[in-house]
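Comments concern the structure below.
Readers should treat all values here as calculations from the given coordinates under stated rules, not as data from a laboratory. Predicted model only: the values in this text are computed from it and were never measured. Note that we place each Cβ from the backbone using ideal geometry, even for glycine, and neighbour counts take in every protein chain shown.
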Amino acid sequence: MRAAIGDTLHIHTNHLGTTEDLAEILEVRGTDGAPPYLVQFKDGRKRLLFPGPDAVIESPLKIAGEQRGGRRIHTRPGW
């Protein structure tokens, strides 16, 4: 997992009754974009995290590209 300052850490969940969490990455303390990350959640909490397998990094550049009509390539015949 690699991240940069300003990326979003999206923590998914598979537990009933809990919600997914989003946090902005404020600092990358590992080498070459590796964890741990200092993050700030939407409610203002700040935490130093080593994300688990249920977390993904979402880059603002990638998200902006998808919103502008990023292309999808279908490999199945007939699509």
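Each listed q (0.12, 0.17, 0.18 Å⁻¹) maps to a log10 I(q)/I(0) for the range 8-67, found by the Debye formula over equal Cα scatterers with no solvent: -0.31, -0.61, -0.68. The residue list Gln40, Thr19, Ser59 was ranked by how far each Cα lies along the charge dipole of the range 8-67 toward its positive end, using unit charges on Cβ atoms, and Gln40 comes out on top.
Fully extending the segment from Thr13 to Gln40, taken as 0.36 nm per residue of separation minus the present Cα-Cα distance, adds 7.9 nm.
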